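Q: Pasting in a structure now, in structure tokens, and then I'll have a few things to ask.
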Amino acid sequence: MNCVFEPYIPDVVLINVRNADSSTIDNEQLRKECQDRNQAYYQVPNEIYNNLSAGGAFNSAYEQVRQMLHEYTSFNENVTLQTVPIYFLEPNTRISIFNSESNIAGDYMIETLSFSLDTASLLTINAKRALEKI
């Protein structure tokens, strides 16, 4: 975590003001495009524009607490299925399950798979209900 709350970052386009010898047609097109989209823009000198860096992510304590509360306060819904081996399945794969007799319906994340390589074995899938973020 690198902050308590994520700061608000305005959606602004930065346009590079190029040297006098380069064409200004590109800048005019960029300004017109921003105006057509009703988006704020700033023109910055070449020295500043070249020193900008993209990226960086905020990992706020608020979002972490919110995610953990959602994850740990929801019902612990696990299912175990036995089926013919499906060899392309892997853990952390999202699957949909519908069984009206067991009243199971929804998306689940595969936690573990177990099977043996003989001809009569079954695949056992342990899965947990996939959480939908609020």
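A short reminder: the numbers here are calculations on the coordinates, not readings from a lab. Computed from a prediction, not measured in an experiment: that's the story for all the values here. Cβ placement follows ideal geometry from the backbone for every residue including glycine, while neighbour counts extend to all protein chains displayed.
Q: Once you have the alpha carbon radius of gyration of the chain, what is it after dividing by 2.2 N^0.38 Å, with N set to its residue count?
A: On the way: Rg = 26.1 Å, N = 134, 2.2 N^0.38 = 14.1 Å.
Normalised Rg, Cα atoms only: 1.84.
Q: On C-alpha positions alone, give me the angle between the axis of helix 61-73 and the longest principal axis of the chain, in degrees, nearest 10.
A: 20 degrees
Q: In segment 47-71, whose amide N lies under 13 Å from the spot 7 Å out along Cα-to-Cβ of residue 128? List them in ranges.
A: 68-71
Q: Below 8 Å, C-alpha to C-alpha, sequence gap of six or more: please give me the relative contact order for the chain in percent.
A: Working: 171 pairs, mean separation 29.2, N = 134.
22 percent.
Q: Here is a further query. For helix 25-36, what angle does its Cα long axis make with the longest principal axis of the chain, in degrees from 0 to 90 and rounded to 10?
A: Rounded to the nearest ten degrees, it is 60.
Q: For the chain, what is the mean residue ellipticity at 222 nm derived from helices alone (per DSSP H run of n ≥ 4: -39500 (n - 2.57); sum divided by total residues; nearest 500 deg cm²/dmol)? Could you put the intermediate results ahead of the total?
A: Numbers: 3 runs with 30 residues, N = 134.
Per the formula, -6500 deg cm²/dmol.
Q: Right, here's the next one. Which peptide among 4-10, 126-132 comes first, and what is the full order, when sorted by highest mean count of other Cβ atoms within 10 Å?
A: Numbers: 4-10: 8.1, 126-132: 14.6.
Highest to lowest by the protection proxy: 126-132, 4-10.
Q: If you don't mind, another one. Percent relative contact order of segment 1-73, based on C-alpha pairs within less than 8 angstrom and at least six residues apart?
A: Over segment 1-73, the number comes to 49 percent.
Q: Taking the convex hull of the alpha carbon atoms in segment 1-73, what volume per residue do you get, in Å³?
A: Values: hull volume 8.7 nm³, N = 73.
Expressed per residue, the convex hull around the Cα atoms of segment 1-73 is 119 Å³.
Q: Could you please rank 41, 87, 62, 108, placing first whichever residue has the fewest other Cβ atoms within 10 Å of its Cβ? The partial results should precede the final answer.
A: Values: 41 15, 87 9, 62 12, 108 21.
Fewest-to-most ranking of 41, 87, 62, 108: 87, 62, 41, 108.
Q: May I ask you to evaluate 6.51 cos²θ - 1.76 cosθ + 1.60, the Karplus curve with θ = phi - 60°, for each residue of segment 115-123 and list the ³J(HN,Hα) values in order in whole Hz, giving x for glycine and proline?
A: Using θ = phi - 60°, the values come out as 7, 10, 9, 7, 7, 9, 7, 10, 8 Hz.
Q: What relative contact order, as a whole-number percentage, does segment 75-129 give when Cα pairs under 8 Å and 6 or more residues apart are counted? The partial results should precede the final answer.
A: On the way: 100 pairs, mean separation 24.4, N = 55.
Once divided by the residue count of segment 75-129, the mean separation gives 44 percent.
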